[in-house]
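As structure tokens, the structure follows; a few thoughts come after it.
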Amino acid sequence: MYGFPFDAGPTGVFYRTDYFEKAGVDPNSIKTWDDYIAAGKKIKEKVGVDLLGLDFNNDDGLFRMALTQQGTFYFNNKGKLNLTSKEAKKAMELNKKLKEAGIVKNTVGWDASISALAEGKVASSPSGAWLSGSITQQAPDLKGKWGVFLLPSFEEGGNRASNLGGSNYVISATSQKADEAYKFMEYFSTTDKVQEEAMKGGLFPSLNTVYSSKLFTAQDEYFNNQTIWKTFADEMKDIKPVNFTGNYSVANSEAVKAVSEVTNGKGVTDSLEAAQKRLENRIQK
């Protein structure tokens, strides 16, 4: 089986520059997650919109970002379950803090999430670089009103690099045209021009030889003339590798349940311990 990476998901906080300005919030002052929450309260008070949207019951994107930011995942580097680790608890506490601060809009599903951004119902979105394509395509009229800053850290001076999503292509061992598929994917995933074309749709290349392209130093008018691609490219070297394992999908479903429980009032430790036990049973079967 052959795998070809295509695009990556270095993270950042996409934010409405006009909302932040109206609330008197300087994005450069947001260094930690606590700073981000404090800014959200101010924006809610001054502008009347929530800081971000989260799907409380069907997604764990923020939890995954927060785990990766700390250099771990559902499984540790040795492949052992990691949902009860101190890092997992810290990541889940973040979800709880945001919900309890009253600055999160419950956006159920992808369409609702993008609509909240396009319709100005939320002021920001921590996400992967690929979100840039969705925003520019769904809200062209907001040109110049969006910006990006690095993900806040858990402590002052802490790591602000993480990853969410990205994609890769795989040729299975049963493919009838494996050689032809390999030749095409080799061209498709390792050619600068192909990667540059994908960037026009908002995808961030995993091919690092393209990072010297002029596209990475060009100012983006939609994002307030920031060089957002350079920001993401510079971040790539600081993203810590994590271990997905072959059990990613079942672990993801249990993590989503834990996020749902916590945001609906259950304790962080209890929810994560229960999730780990369920996951252990599913993997053993």
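Give me, ordered by chain and number, the residues 5 or more places off residue 224 or on other chains with an amide H under 5 Å from its own placed amide H.
Long-range HN contacts for residue 224: 144, 145, 146.
Among the lysines, which fall within straight-line cross-link reach of residue 237, defined as a Cα-Cα distance under 23 Å, with same-chain neighbours fewer than 8 residues apart omitted?
Excluding near neighbours in sequence, the set is 31, 78, 193, 200, 214.
Hey, can you grab everything whose amide H is under 5 Å from the amide H of residue 32? Only 5+ residues off in sequence or another chain; H modelled, so Pro and N-termini drop out.
153
Send over a whole-number figure in Å² for the accessible area per residue of the range 1-61, probe 1.4 Å.
The answer is 43 Å² per residue.
How big is D for the range 1-79, in µm² s⁻¹ as a whole number, if Stokes-Einstein is applied with the Kirkwood radius of its Cα pairs at 20 °C and 1.002 mPa s?
Values: Rh = 15.2 Å.
Estimated via Stokes-Einstein, D reaches 141 µm²/s.
So between residue 34 and residue 248, what do we pick up on full extension, going 0.36 nm a residue minus the alpha carbon distance?
So the extension gain works out to 74.1 nm.
What helices does the chain hold that run 15 Å or longer along their axis, going by alpha-carbon atoms, with a Kyte-Doolittle average of 0.0 or more, using DSSP H for the helix calls?
Membrane-span-like by this rule: 248-263.
How long is the gain from residue 264 to residue 42 if the chain were fully straight, where each residue apart is worth 0.36 nm and the alpha carbon distance is subtracted?
77.5 nm is the gain from fully extending residue 264 to residue 42.
Run the accessible area of the chain with a 1.4 Å probe and give the carbon-and-sulfur part as a rounded percent.
48 percent
So how exposed is residue 156, as accessible area in Å² (1.4 Å probe, rounded to 10)?
140 Å²
Compute the projected area of the convex hull of the Cα atoms of the range 197-238, averaged over all viewing directions, and report it in nm² to one decimal place.
If you wrap the Cα atoms of the range 197-238 in a convex hull and average its projections, you get 2.9 nm².
Positive end of the dipole of the range 6-163, charges at C-beta (+1 Lys, Arg; -1 Asp, Glu), about the Cα centre: which of 133, 153, 39 has its Cα farthest in that direction?
Farthest towards the positive pole: 153.
Under 25 °C and 0.890 mPa s, how fast does the range 234-283 diffuse according to Stokes-Einstein, given a Kirkwood radius computed over C-alpha pairs? Answer in µm²/s, whole number.
200 µm²/s
Once fully extended, how much extra length lies between residue 187 and residue 141, figured as 0.36 nm per residue of separation less the alpha-carbon to alpha-carbon distance?
13.0 nm
Over 10 Å intervals from 0, what percent of Cα-Cα pairs in the range 148-261 sits in each interval?
Histogramming the range 148-261 at 10 Å steps yields 11, 29, 33, 21, 5, 0 percent.
Given the rule -39500 (n - 2.57) for each run of at least 4 DSSP H residues, summed and divided by the residues of the chain, what is its mean residue ellipticity at 222 nm, to the nearest 500 deg cm²/dmol?
Estimated from H runs of four or more residues: -13500 deg cm²/dmol.
For residue 175 and residue 77, what is the calculated FRET efficiency with R₀ set at 30 Å and r taken between the beta-carbons, to the nearest 0.05? Please list the in-between numbers first.
Working: r = 31 Å, r/R0 = 1.04.
With R0 = 30 Å, the Cβ-Cβ based efficiency is 0.45.
Which of 76, 212, 189 sits closest to the plus end of the dipole of the chain, meaning its Cα is farthest towards the positive end, when Lys and Arg get +1 and Asp and Glu get -1 on the C-beta?
Among 76, 212, 189, the one farthest towards the positive end of the dipole of the chain is 76.
Over 27 Å between C-alpha atoms is what I'm after, so list which of 97/257; 41/89; 145/240; 22/99 land there.
Correct reply: 145/240.
Enumerate the amide H contacts of residue 107 below 5 Å, restricted to partners 5 or more residues apart or on another chain; note that Pro and chain-start residues carry no placed amide H.
Sorted by chain and number, the residues that satisfy this are 54, 55, 56.
Any idea how far apart residue 121 and residue 237 come out in nm if each label point goes 7 Å out from Cα toward Cβ?
Between residue 121 and residue 237, the label points sit 4.1 nm apart.
The values are calculated or read from the model by the stated rules, or taken from the named source; none is laboratory data. No experiment lies behind these values; they were computed from the predicted model shown. Cβ coordinates were reconstructed from backbone atoms using ideal geometry, including for glycine residues, and neighbour counts include every protein chain displayed. Side chains are part of the model used for accessible areas, which takes the heavy atoms of the whole protein and leaves out ligands, DNA and RNA. Shrake-Rupley method; radii C 1.70, N 1.55, O 1.52, S 1.80 Å.
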